[in-house]
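Structure, as structure tokens:
The values are calculated or read from the model by the stated rules, or taken from the named source; none is laboratory data. From a predicted model like this one, the values you see are computed outputs, not experimental measurements. Heads up, the Cβs are rebuilt from the backbone with ideal geometry, glycines too, and the neighbour counts pull from every protein chain shown.
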Amino acid sequence: MRRGIAATALVATLALAATACGGSDSSDNGDQKSSGELSGTVTWWDTSNDTEKATFQKIAQDFHALHPKVTVKYVNVPYGDAQNKIKNAFSSGSDAPDVIRSDVGWVADFASLGYLDKVPDAKAEEVDSAFLKQAAASGRYDGQMYAVPQVIDTLGLFYNKKMLKDAGVEPPKSLDELKTAAAAVKSKTGRTGMYLRGDDSFWFLPFIYGEGGNLVDAKDKKVTVDGPAGVKAFKAARDLVTSGAAITNATDGWNNMETAFKSGKVAMMVNGPWSVADVYAGDAFKDKSNLGVAVVPAGSAGQGAPQGGHDLAVYAGSKNLAASHAFVDYLTSQNVQVQTTKALSLLPTRTAAYDQPDVKSNEMVQFFKPAVDKAVERAWIPENGALFEPLKLQFTKAVTGASSPEDAAKASGTAFRKILKGWK
Amino acid sequence: MTVHTGQSTAKAAGEGARGRVRTTGERPGRLRRALSTHWYAWTMVAPVVIVLGVIIGWPLGRGVYLSLTDANERNVGRTIGANHIDATYKFVGLRNYTDALTDPVFTQRLVWTVVWTVCCVSVTFLLGLALATILNREFRGRAAYRMMLILPWAVPGFVSVFAWRFLFNRDNGLLNKVLDGGGISAVPWLDDPTWAKVSVIAVNVWLGVPFMMVALLGGLQSIPGELYEAAEMDGAGPWQRFRHITVPGLRAVSSTVILLSTIWTFNMFPVIFLLTRGGPGDSTEILVTQAFRQAFVDSPRDFAGSATWGVLILAVLMIFALVYRRSLRKQGEVW
């Protein structure tokens, strides 16, 4: 049965390869940029959020104008379910997407399972020379490049300028200042100071970096989440909630956070550039200049946010590899990157894009670019996504008070060691 | 009694046939005889047997086999485009079972799954019975009420669960808005482990009542009205009539619906998964959602571990069904 499918697939691939070759031979009319040589359907699974997706859908359709014989099928997959859905589709092979937008934390996982097609050498060279160094690093696994960085981001402290002004406080620089500011907001405006997202482990990272720790030490193959810094990090997050400085939820955190902040119910939240377009749509930010962004508050031993972002990767089983790679090329071209920055305030991954006037003048880029430069680069290991699951569990338990910071740290460490076999 | 008569008729018919066969001087084998007598029945049943074998038997067998190996996403064989990866998983015997049964997580999930099943089934049954009794009498607009009460069943499950999720939202949900109007501060419906448990049970009861109600209503209507009339003549009060006529009259229906409902609730994946994702933390995770987590959420996907949990869930349900059947047989029920 299996072999049968494999054989059919092989025959199909060969046939396609043959037609593809034939196609390029026949269109050998000297016009190398002629779009005639690429044809077929490219299915793109995009994980951008509700406010962003219209822009990306339009960009995807533009590719069709460039290459009339290529049909781009745009599918928006909600980010929360995406990793699982992509794996299902890749492992079964039926209705699998040709191109995916992958969180930087998933690339190594997909690549290690053999799902991704290598980035062609020419493109890999271009990425190495023309893209931001830390963004390019996220697309590599085992020395090979499997994904091209599309956007880069990190977390920052979003604040409602007017509310902080009414409360008579400056944007807080540390967790202690944050608590003071929240108390002032509460007494002067009656609103809550901050929304702390408690149902996603990505939001835990600034806390552990702030205490001078990290989840793992990939170089020495050591789990460090349950060290003293980890315990302090869980404590600090819990403290924000018990002190009344922040509210949190164990479910629907993203929606509740966005609603609370953009309607002016809370004065601050920690978020990334991907939320900017949505925030601008809110009542409290009709005047866009009301939104301020600062570096995430410092803990007792440091200050930092994780480097995040999204890469574009091609499915190794794609029937249209050439068109798919060309599509990735197009999506990561300078023009498209500038376009998304202009429309959505997303940060480009091309170094040269930052010289463009539209990018240069974007206020969010002005803030986030230096923040990204200093952001903490994560360990790009296949288990990255897997670690976030047990961490999420413990983070939620810790911020809601269901378990103590010490227990949360210990349980995270135990779970990490179960996933990272052989690590200390 | 009826069973006996049936058997004797069949025996008589068989003897008659054998008698006729003997006259021709041949005595075909049992299998051939069964085939020649029942060939039509076999042909009719064959497609079903084959389909069941393919869609249930094969996956079941494969699942049991996987539970005896260390298969996961990394070591199963696969071919993706030009990448070919060989299967390297191996047989590990019963190790997965000992691992699962000694893991405190399994016990925790089992305890909560049992609590969840018992709560859901008992509340659903009592509510269904109450509603069925009310609807079993003549009153104005009965059809309209029946329609309304059956409505939850007509809505696709995931739609209702998402609707409930909006209602339960602590900050922006309708339930808390209403409570706020009544002066009660926000209830953390899905954010507090205990409230989350109450919430998932409430939603499952809401989804399950229509089925109970319809089934029990059917049972109630099959109880002859004369019994009630006679009891009333004898001076039996409403409670006595309920206790001595309705309850015994419903026993056949109720024993079946309770068994079905128990099995469904035990494996009720969508309500838990869509409402809380097993959260907050892992407080509402039942056995099936945990097995799903192992197979599809955690990375690399643990096929062997998940299959082990699947087999254990099946074993628990089979033991339950056997015990339940035996206890019913002691009460004189046959099914």
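Here are a few things to note about the model shown:
Residues checked against (1) touching a strand residue (DSSP E or B) at 6+ places or on another chain (Cβ under 6 Å); (2) under 24 Å from A:R197 (Cβ atoms); (3) hydroxyl-bearing (S, T, Y):
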position	(1), (2), (3)
A:F110	yes, no, no
A:G114	yes, no, no
A:P120	no, no, no
A:A137	no, no, no
A:Y141	no, no, yes
A:V148	yes, no, no
A:L157	yes, yes, no
A:S174	yes, yes, yes
A:L178	no, yes, no
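- Filtering A:R350, A:R378 for residues that are touching a Gly at 6+ places or on another chain (Cβ under 8 Å), away from every other protein chain (no Cβ under 14 Å) and of a type outside the set (V, I, T) leaves a single hit, A:R378.
- Matching residues in the stretch A:54-63 - criterion: being within 23 Å of A:D95 (Cβ to Cβ) and either polar (S, T, N, Q) or surrounded by fewer than 16 Cβ atoms within 10 Å (Cβ to Cβ) (or both): A:Q57, A:Q61
- Residue match in the stretch A:307-326 (condition: more than 30 Å from A:T180 (Cβ to Cβ), basic (K, R) and at pLDDT below 90): yes
- Residues within the stretch B:107-137 that are among the small types (G, A, S) and surrounded by fewer than 16 Cβ atoms within 10 Å (Cβ to Cβ), tallied: 2
- For the residues B:R146, B:R165, B:R170, the requirement of being in a helix (DSSP H, G or I), modelled with pLDDT under 85 and either surrounded by 11 or more Cβ atoms within 10 Å (Cβ to Cβ) or of a type outside the set (A, V, I, L, M, F, W, C) (or both) singles out B:R146.
- Test for B:F242: is it crowded, with 16+ Cβ neighbours inside 10 Å, in a helix (DSSP H, G or I) and of a type outside the set (V, I, T): no
- Selection count where residues are among the β-branched types (V, I, T), surrounded by 11 or more Cβ atoms within 10 Å (Cβ to Cβ) and under 23 Å from A:A415 (Cα atoms), scope the stretch B:84-106: 3
- Residues of the stretch A:403-419 that are at the interface with chain B (Cβ under 9 Å from one of its Cβ atoms) and within 22 Å of B:W195 (Cα to Cα): A:S403 alone.
- Taking the criterion of being of a type in the set (F, W, Y) and in a helix (DSSP H, G or I), the residues of the stretch A:359-397 that qualify are A:F367, A:F368, A:F388, A:F395.
So that you can scan it fast, the table gives a plain yes or no per residue for (1) within 11 Å of another protein chain (Cβ to nearest Cβ); (2) exposed (fewer than 15 other Cβ atoms within 10 Å of the Cβ); (3) out of contact with any strand residue (DSSP E or B) (no Cβ under 7 Å at 6 or more places or on another chain):
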{"position": "A:V372", "(1), (2), (3)": "no, no, no"}
{"position": "A:F395", "(1), (2), (3)": "yes, no, yes"}
{"position": "A:G401", "(1), (2), (3)": "yes, yes, yes"}
{"position": "A:K421", "(1), (2), (3)": "yes, yes, yes"}
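- Residues within the stretch A:88-140 that are touching a Gly at 6+ places or on another chain (Cβ under 8 Å) and of a type in the set (A, V, I, L, M, F, W, C), tallied: 8
- Filter result (under 23 Å from A:Y280 (Cα atoms) and part of a helix (DSSP H, G or I)) within the stretch A:183-195: A:V185, A:T189
- Those strands (runs of 3 or more DSSP E) of the stretch A:63-182 in which 2 or more residues are in contact with a His (Cβ under 8 Å, 6 or more places away or on another chain), modelled with pLDDT of 90 or more and within 14 Å of chain B (Cβ to nearest Cβ) occupy A:99-103.
- In summary, B:A295 fulfils each of the numbered conditions (1) free of Cβ contacts under 8 Å to residues at least 60 places away in the same chain; (2) part of a helix (DSSP H, G or I); (3) exposed (fewer than 14 other Cβ atoms within 10 Å of the Cβ) with the single exception of condition (3).
- Restricting attention to the stretch B:82-107 and to residues that are aliphatic (A, V, I, L, M), part of a loop (DSSP other than H, G, I, E, B) and away from every other protein chain (no Cβ under 13 Å), the residue that is farthest from A:E383 (Cα to Cα) turns out to be B:L94.
- Of all residues assigned to the stretch B:265-272, none qualifies as being within 14 Å of chain A (Cβ to nearest Cβ) and more than 19 Å from the chain's Cα centre (by Cα).
- Conditions (1) within 20 Å of A:F388 (Cα to Cα); (2) surrounded by fewer than 17 Cβ atoms within 10 Å (Cβ to Cβ); (3) not acidic (D, E); number of the one not met by B:Y324: (1)
- Considering the stretch A:176-225, the residues that are acidic (D, E) and more than 18 Å from A:S300 (Cβ to Cβ) include one that is surrounded by the fewest Cβ atoms within 10 Å (Cβ to Cβ), namely A:D220.
- Just one of the listed residues (B:T124, B:T133, B:T79, B:T113) is of a type outside the set (A, V, I, L, M), under 30 Å from A:K118 (Cβ atoms) and either assigned to a helix (DSSP H, G or I) or within 14 Å of another protein chain (Cβ to nearest Cβ) (or both), and it is B:T79.
- Among all positions in the stretch B:216-235, there is at least one residue which is crowded, with 19+ Cβ neighbours inside 10 Å, at pLDDT 90 or above, within 26 Å of the chain's Cα centre (by Cα) and under 30 Å from B:V111 (Cβ atoms).
- Pair list, Cβ < 7 Å and 6+ apart or interchain, from the stretch B:225-239 residues that are closer than 16 Å to B:N136 by Cβ to residues that are in a helix (DSSP H, G or I) and of a type outside the set (D, E, K, R): B:L227/B:I245; B:Y228/B:I245; B:A231/B:I245
- Extreme residue, surrounded by the fewest Cβ atoms within 10 Å (Cβ to Cβ), among residues of the stretch A:241-265 that are part of a helix (DSSP H, G or I) and in contact with a strand residue (DSSP E or B) (Cβ under 8 Å, 6 or more places away or on another chain): A:V241
- For B:R293, the requirement of being within 14 Å of chain A (Cβ to nearest Cβ) and on the phi > 0 side of the Ramachandran plot is not met.
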